[in-house]
1. Quick one: would you say residue 70 is within 16 Å of the chain's Cα centre (by Cα) and of a type in the set (Val, Ile, Thr)?
2. Anything in the range 146-178 that is under 14 Å from residue 130 (Cα atoms) and aliphatic (A, V, I, L, M)? List them, or say none.
3. Can you tell me which of (1) aliphatic (A, V, I, L, M); (2) touching a residue at least 60 places away in the same chain (Cβ under 8 Å); (3) open to solvent by less than 70 Å² (accessible area, probe 1.4 Å); (4) in contact with a helix residue (DSSP H, G or I) (Cβ under 8 Å, 6 or more places away or on another chain) is the one residue 192 doesn't meet?
4. Take residue 57 and decide whether it is within 30 Å of residue 87 (Cβ to Cβ) and surrounded by 13 or more Cβ atoms within 10 Å (Cβ to Cβ).
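The values are calculated or read from the model by the stated rules, or taken from the named source; none is laboratory data. Small disclaimer: the values here were computed from a predicted structure and weren't measured. Methodologically, a virtual Cβ is constructed for each residue, glycine included, from the backbone with ideal geometry; neighbour enumeration extends over all protein chains shown. Note: areas computed on protein heavy atoms with side chains; ligands, DNA, RNA excluded. Shrake-Rupley method; radii C 1.70, N 1.55, O 1.52, S 1.80 Å.
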Amino acid sequence: MRRKGTTDWPLLWLAVKDNLGGFFTLLGMGLCFGVVGGGVFYLGFGEWGAMIFGAFFALIGSFLFIYSFVATYSSIGYYYEQALLRKHGVEVDGVLIRKEADCQFHQEYDNNNRPLGDGYYQCNLLVEFDFQFNGQDCSGAFYLNKAELFDKLNEGDPLPLKVLKLDPSIHTVRERRLANMLKGRKPQTPSLIPEGAEISQLV
């Protein structure tokens, strides 16, 4: 929530309301684990098995309790910024200076440490760009959600952006507009994205 100037309270309240369900779910789970773990630890005090079991549950409860606040705050900030962009954002053109596919391989194993299936890659598609706003040179980064767009982009390409008027550090790539601009262009080969990779959906 890096908005400079006054806070848009109606938009902030909408972002808060959209995240209350997840917050109370995590909070409730944390409290339940904490209460159960604390009760088992107290009632079984002196018995190592019960104490370890109770402490383990209490630790999970503490983690979920803290995580509910951290995750909700982060989520509210993200959705508030997106709402600000929709309401107060202006359209500008940027220039792509770098793109990177950050891919991690994931493999699941059974109880005997044998691989389950072939595994898969999960990728974050980062684009970095420069743009000018109110006469100032700015830079930014954004994670694309579509591999096809990412593969078609080349360094030096124009990028359609939406930038918050009072805080250009809050911005987004207009992916629908970008898709129209790149219509008909062939993707680069070889692709930076492994075949069959899952693309992280960040919006």
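1. Numbers: within 16 Å of the chain's Cα centre (by Cα): yes; of a type in the set (Val, Ile, Thr): yes.
It is true that residue 70 is within 16 Å of the chain's Cα centre (by Cα) and of a type in the set (Val, Ile, Thr).
2. Selection gives 159, 161, 163, 170, 173.
3. (3)
4. Working: within 30 Å of residue 87 (Cβ to Cβ): no; surrounded by 13 or more Cβ atoms within 10 Å (Cβ to Cβ): yes.
It is false that residue 57 is within 30 Å of residue 87 (Cβ to Cβ) and surrounded by 13 or more Cβ atoms within 10 Å (Cβ to Cβ).
Here's the yes/no breakdown for (1) farther than 20 Å from residue 121 by Cβ; (2) at pLDDT below 95:
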position	(1), (2)
148	no, yes
157	yes, no
164	yes, yes
169	yes, yes
190	no, yes
